[in-house]
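All of the numbers you see were taken from the coordinates with simple rules; none came from a lab. Nothing here was measured: the structure is a model prediction, and the numbers come from that model.
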Amino acid sequence: MASISVRGIKDPSNEAIAQIPAIGASYRPLVLAPTSLPRRCLTNRYRVYGITLGTDVPLAVNLPPSDVEADLTFALSASAPDDVDFEAHQPTYTEGEQSDGRPEFTFWALPDRDVIRITGAMDFHCWPDRIACHLHAAAHRSLVETALFGMVLSLWLERIGTPTLHGSAVVIGPAAVAFLGSRGTGKTSTAAACVAAGHPLLSDDLLALQERDGAVMVMPAYPQLRMWPAQARHFFGTDEGFEPVDAHRTKLRVPVGHGVGTFSYEPAILRRVYLPFRGTGPETAVDITSIRPREAVMALIRESFLRSEVVRYGLQGDRLRFFATLLADIPVSTIRVPEGLEELPRVVAAIEADVGGGSA
């Protein structure tokens, strides 16, 4: 069986993104109204990214429970909906290429829903109040949650006006600090070092932001870090007993809480945004440097979770207005992270000093 990566492709350049046209007048936004189908009484309801998710699907992700009505429901099926003729609809966006020439990901903005296809693995049909996953083969079951709590919910949240970024966040003092960056920049290891130092985790990998009463809030994800085995061994003493993120990767699900750090179940006001980058050696100084507003806007666009897709869906205008609100009060800085996990306490100390929160 070919290996399928949910988000393992090279990010397009800023220049390539600038050339992607918005859909324009031909695009019909989703109407945020309930579907006409009756809702089933769902056994399990959870809080994630500021919404309540209802599902009867067993989940490996440890989601906080909720006792309020679901904003969104999720179902998994081996059969495909029979009301969509994909040949009759032009894809909104495609990304990546498999060995047989087919795109790795295909997005459709249909009149009543969005559809995300991971070629050869699954389709996600996304309505305003429900998401249904058609699983092409049982062998890909482990990828469902990776996609659902990544690109699928990212698009769904963007469609209701909640921008999502590729980053992690922790609470230091009374407020949140975020670390943005793609793979290898040090965002998760920096967040893990903060958690190990006693600061509660808010989110890892996908960062959902909302504006409330003029403040930008980080919405809690779920109490888990996704870590490489070496990271788990360094911060928590072992890599044993943790489940893999999915069957195609060696990254591990490391639950937070229950003896491994703490998790913040409440939204927190965002006070700092850091852009980690790797230094050249262990003796590298930890350097925090504020960047200009124009550079900060470009960084927020670059670190969007679905940065090309939101352009094609015509969402970038509202996002830029949101980013302007964010940058009016929240500093964005680069932070140089020395090589070596053992150097991260210096990074945490520098962040604590910059924020003024001290240790938790």
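At-a-glance table
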quantity	calculated
Debye intensity ratio I(q)/I(0), log10, the stretch 164-355, q values 0.13, 0.19 Å⁻¹ (C-alpha model)	-0.66, -1.38
Two-decimal Rg/Rh across the stretch 93-148, once Rg and the Kirkwood Rh are taken from alpha-carbon atoms	0.98
Relative contact order for the chain, counting Cα pairs under 8 Å that sit 6 or more residues apart, in percent	17 percent
When the convex hull of its Cα atoms is projected in every direction, mean area for the stretch 302-360 (nm²)	6.0 nm²
Percent of beta bridges antiparallel (DSSP, the chain, rounded to nearest 5)	75 percent
Cα-derived Rg to Rh of the stretch 203-282, Kirkwood definition	1.04
Most mobile of VAL68, VAL310, VAL144 in a GNM of the chain (Cα contacts under 10 Å)	VAL68
Of every Cα-Cα pair in the stretch 29-159, the percent that sits beyond 18 Å	55 percent
Relative contact order computed over the stretch 29-159 (Cα-Cα under 8 Å; 6+ residues apart), in percent	21 percent
Rg/Rg_ref, the stretch 144-257, where Rg_ref = 2.2 N^0.38 Å and atoms are Cα	1.07
Of all DSSP beta bridges in the stretch 29-159, antiparallel share, percent nearest 5	75 percent
The chain - Kirkwood radius from inverse mean 1/r over Cα pairs (Å)	21.1 Å
Shape of the stretch 76-120, Cα gyration tensor, a/c cut at 1.5	oblate
